[in-house]
1. Using a basic spin-label model with each label point 7 Å from the Cα along Cα→Cβ, how many nm lie between ASP365 and VAL277?
2. How much of the accessible area of the chain, in percent, comes from carbon and sulfur atoms when a 1.4 Å probe is used?
3. If you line up the long axis of helix 332-341 against the longest principal axis of the chain, both from Cα atoms, how many degrees apart are they, to the nearest 10?
4. Tell me whether the range 160-281 comes out rounded, prolate or oblate; compute the Cα gyration tensor, take square roots of the eigenvalues as a ≥ b ≥ c, and use a/c under 1.5 as the rounded threshold.
5. Which of PRO242, PRO254, PRO228 ends up with the largest GNM mean-square fluctuation for the chain, with Cα atoms connected below 10 Å?
6. Could you check which residue among GLN369, GLN265, GLN35 shows the biggest mean-square fluctuation in a GNM of the chain with a 10 Å Cα cutoff?
7. Using Cα-Cα distances under 8 Å and only pairs 6 or more residues apart, what relative contact order does the range 166-227 have, in percent?
8. Taking only protein heavy atoms and a 1.4 Å probe, what accessible area per residue, in Å², does the range 149-227 have with all protein chains in place?
Amino acid sequence: MKKFFLSLSAIFLSVSAFADFTGAGFYRLKNQNSQRYVSVIDNDCAYVDLVSGSIDSHALITIKSFDEVCHDPSTIIYAAQVAGSKYNIAAQGVSIKNMVQYDLHLGARGKEGDQTIYWLYASKSGATKYLCDPRVASSATGYVSLGNPIANNVSSQKKISWFILPVTANSSNYFGVLPTVEVNNGYWASLYAFFPFSAFSEGVEFYYPCAVSATGLVEMKKVEGTVPGEMPVIVKCNDKDPARNRLNVGASNPGSYKGNLLHGQYFNCYANDGQYVNRLPYHKETMRVLGKCKDGSLGFVVDETLDFIPANSAYIIVEPWYPKELKCVFSHDEYIVGVKDVKVGTATKKKNEVYSLTGVKLYDDATEQQIANLPAGMYIIGGKKKVVRK
């Protein structure tokens, strides 16, 4: 069984501060014993055996510190009723059913104060197994497994007991954005979430890049109202504190926005034993991430410290010869003027540099024979997309 251990500080929140489970909607799952929250950090479980209770649980971890949880999209769970007590639980583009091949049953098992306690379980061949957080309660992190309650054993039963807590912006179980970039005009972050959202905190705004120039400019366009689920965006924040950058989670999902040049990445998952990897390598030649330009302005830049794209974030893909800094401008006129004012020849490139569409450099200056010998597919050759056919 694969395990993930993260260094997080511990913080407790009062269960009585939360509302209760009311049906289909967006929630967090919190274990009664450990007080840890479920986080979905991958989209695959290699195996689940309900009869033996074994599970490859690298995809599901638990986190105690709400300081870490409050801004983590992977802790937002969508529960949709299938039939009766059966529910499909989803997060960050994947459902638990897709991973474990079973719908989960929700069974109310009593109360702690005003909060209902639930057991989440599945059955096969007469065997019933319960979603469980087995590690000691004092640990800051844990992992999800399958287990059974031991009769008259309070500790055992608490490990399979869960609170299902609605995510609401005006409660202590909120979702807020943690900025990653501080520039001249404030705090910013990229965000990629499976759920639709809108601004709750006044001053929070959403943008996406709609045009990029080799002269070093990115035109940013504002999202008015609700951001659709699965749309990567750039968030303008009020403060370093996510509590001041709160979002309404689960607003009515609008239609998609055309022309968004952002690419989102849900997972950055690496198993401790090195046997499982689900992460996107960062190629600085053709990828730009949100950052600070040398003049202190917001931009998409080369980050020399990155090896992989961070989970739940976004990036843009550019041609290999584009500048390392691409400054963000927030009006079309400013973008057009900036492009016209730059002299031709600012950007340079080699005649036959060859890149894959994922940004991997294949040749610095390929010969015609080397190009002809490439496997069939699409490439960026000399700065232009070309199809190699066989």
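1. For ASP365 paired with VAL277, the spin-label model returns 3.2 nm.
2. C and S fraction of accessible area: 49 percent.
3. Roughly 40 degrees, rounded to the nearest 10.
4. oblate
5. PRO254
6. Maximum fluctuation in the GNM of the chain, among the listed residues, is at GLN369.
7. Worked out over the range 166-227, it gives 22 percent.
8. Dividing the accessible area of the range 149-227 by its residue count gives 38 Å².
The values are calculated or read from the model by the stated rules, or taken from the named source; none is laboratory data. Every value quoted in this text rests on a predicted model; they were computed, and no experiment measured them. Every residue, glycine among them, receives a Cβ derived from its backbone with ideal geometry; neighbour counts consider all protein chains shown. Protein only, heavy atoms only, side chains kept; ligands, DNA and RNA dropped before computing areas. Shrake-Rupley method; radii C 1.70, N 1.55, O 1.52, S 1.80 Å.
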